[in-house]
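Have a look at the structure below before the remarks.
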Amino acid sequence: MIIQPKTRGFICTTAHPEGCARQVRRQVEYVKSQPKVSGPRNVLVIGASTGYGLASRIVSSFAAGANTIGVYFDKAAEGSRTASAGWYNSAAFERAAEEAGVKSFSVVGDAFSDEIKEKTIELIRREFGKVDLVVYSVASPRRTHPKTGETFASVIKPIGPAYTNKTVNFHNGEVSSVTVEPATEDEIRQTVAVMGGEDWQMWIDALQQAEVLAEGATTVAYDYIGPEITHAVYREGTIGRAKDDLEATALRLREQLSATGGRAYVSVNKALVTQSSSAIPVVPLYISALYKVMKEKGIHEGCIEQMYRLFSERLFVQGETSVDDKGRIRIDDREMRADVQAEVAKIWEELSTENIDELSDIAGYRREFFQLFGFETDGVDYEADVDPNVDIPHLR
Ligand code: NAD
């Protein structure tokens, strides 16, 4: 079939297998061109099919030479529907891993469930014995609690007064004002239940109890802080509460794992175009301004550059991993540089529909958004007939 992008707001309901494969290969090539990392041998990545999780998996295999298991929630093609981008990405990743002689397995299903945890543990036991790195990179709008059966929905809302700021429709470049009403107590509770640390803790507990977590293992989950502009809706809003909970979980896990020489961290990553971040009001406009400034300064990074730096300069170095005063790894250091933030703030004041192309990198944002789904990728013939049915070689 001929596959074209079909968008509904910030969602693209189609994905292109060849485009996704090329995007994965580009990331693999980047990592292969960098010095090797002496790090983990057997890695579990939860939330492994797109964004930061996929990049972590690629760095694990192609910089450290590690075997990986990826857990993710993606769908195969069916009838006239294409597979999701994460499906095509994972198929391409597994083919590349096979060529490189590293093992990779996929578990597709709900990471929040007991069933998927049990299935993954069985797979680790059978194929690796133990894992020595666990990356937690799930971003989800919903979670069903495995013990109580309650289904929680996360919201992105401020806490306290309503929040008004600029936002953009990145499809047509229209800048407008958006007001987000404050969250209720129950919405805060539900967002923490979805995006906080409880499920990460449950994974580590389950892996430890099953004795498939190696002594001295490392675990890391991903965090965000960002600029003043987005604080009310992000860091000081519902999702920020969930990130506070994630940070508290990291401290607890550090205590828990230190008995066997293990380590637990959150890594504060940079703002990037992913399926999750495009759903947050205000953030796509901030990212467009940030990309402009960071590209001009020659310090722009995508997921793969961020994750390579996380592994090679923070997690797997000789000596101590450097952290901030709250024990967090900061790989958002370039985003948060004072000169970068000052320029973004200046642009922000002036941004409007009329000057958005000139003042921000909205074109880059839009292109990266479509690239997440395998579109707007050089070398792909989008008029050609392509088979949407792609197998994941080691799906378990
Ligand atoms: P993403 O949407 O690209 O990836 C999310 C992953 O989670 C996918 O692999 C998806 O399949 C998986 N997933 C979702 N629900 C699942 C479920 N129920 N079971 C199994 N897998 C499931 O997201 P991302 O932007 O890479 O975010 C990953 C983490 O990084 C999040 O914690 C996010 O807050 C954090 N982060 C993101 C940014 C950013 O700008 N994108 C910045 C800093 C930190």
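The values are calculated or read from the model by the stated rules, or taken from the named source; none is laboratory data. Values in this document were obtained by computation on a predicted structure and should not be read as measured data. We place every Cβ from the backbone using ideal geometry, glycine too, and count neighbours over all the protein chains shown. Ligands, DNA and RNA are stripped out before the accessible areas are found, and what is left, the full protein with its side chains, is counted by its heavy atoms. Shrake-Rupley method; radii C 1.70, N 1.55, O 1.52, S 1.80 Å.
Quick look at the values:
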{"item": "Long-range HN-HN contacts of A221 with modeled amide H, under 5 Å", "result": "Y136, Y265, V266, S267"}
{"item": "Label-reachable residues, segment 39-81, where backbone N falls under 16 Å from a point 7 Å from V317's Cα toward its Cβ", "result": "39"}
{"item": "Per-selection metrics, segment 152-280 (Cα): Rg and Dmax in Å", "result": "17.2, 54"}
{"item": "Over segment 24-69: Kirkwood hydrodynamic radius from C-alpha pairwise inverse distances, Å", "result": "10.4"}
{"item": "Segment 331-393: trypsin sites (Lys or Arg not before Pro) in DSSP coil with no more than 13 other Cβ atoms inside 10 Å", "result": "none"}
{"item": "Using θ = phi - 60° and Karplus 6.51 cos²θ - 1.76 cosθ + 1.60, couplings along segment 120-132 (whole Hz; Gly, Pro as x)", "result": "5, 4, 4, 5, 4, 4, 6, 9, 10, x, 9, 10, 10"}
{"item": "Carbon + sulfur, % of accessible area of the chain - ligands and nucleic acids excluded, 1.4 Å", "result": "49"}
{"item": "For segment 158-190 versus segment 239-281, the gap between their alpha-carbon centres in whole angstrom", "result": "23"}
{"item": "Global form of segment 276-396, assessed from the alpha-carbon gyration tensor, a/c cut-off 1.5", "result": "oblate"}
{"item": "Rounded accessible area per residue of the chain, 1.4 Å, Å²", "result": "41"}
{"item": "Centroid-to-centroid separation of segment 302-345 and segment 362-396 [C-alpha atoms, Å]", "result": "29"}
{"item": "Convex hull of Cα atoms in segment 7-371, direction-averaged projection (nm²)", "result": "18.0"}
{"item": "All aspartates and glutamates inside 13 Å of K157 as judged from Cα atoms, apart from same-chain residues fewer than 8 positions distant", "result": "E181, E185, D186, E187, E236"}
{"item": "Kirkwood hydrodynamic radius of segment 179-223, Cα pairs, Å", "result": "12.9"}
{"item": "For the chain, share of DSSP beta bridges that run antiparallel, in % to the nearest 5", "result": "30"}
{"item": "Overall form of segment 1-128 per C-alpha gyration tensor (a/c, 1.5; a/b vs b/c)", "result": "oblate"}
{"item": "Convex hull volume of segment 292-352 per residue (C-alpha atoms, cubic angstrom)", "result": "110"}
{"item": "Kirkwood Rh in Å, taken over segment 46-195 so that all alpha-carbon pairs contribute", "result": "17.9"}
{"item": "Value at 222 nm in deg cm²/dmol, rounded to 500, when DSSP H runs of n ≥ 4 in the chain each add -39,500 (n - 2.57)", "result": "-12000 deg cm²/dmol"}
{"item": "Segment 218-339 shape via C-alpha gyration tensor axes, a/c threshold 1.5", "result": "oblate"}
{"item": "Percent antiparallel among DSSP beta bridges (both partners in segment 67-191, rounded to 5)", "result": "70"}
{"item": "Relative contact order, percent, segment 7-371 [alpha-carbon distance under 8 Å, six or more residues apart]", "result": "17"}
{"item": "Stretch in the chain that is longest and holds no GluC sites (Glu not before Pro) that DSSP places in a loop and that have at most 14 other beta carbons within 10 Å", "result": "1-149"}
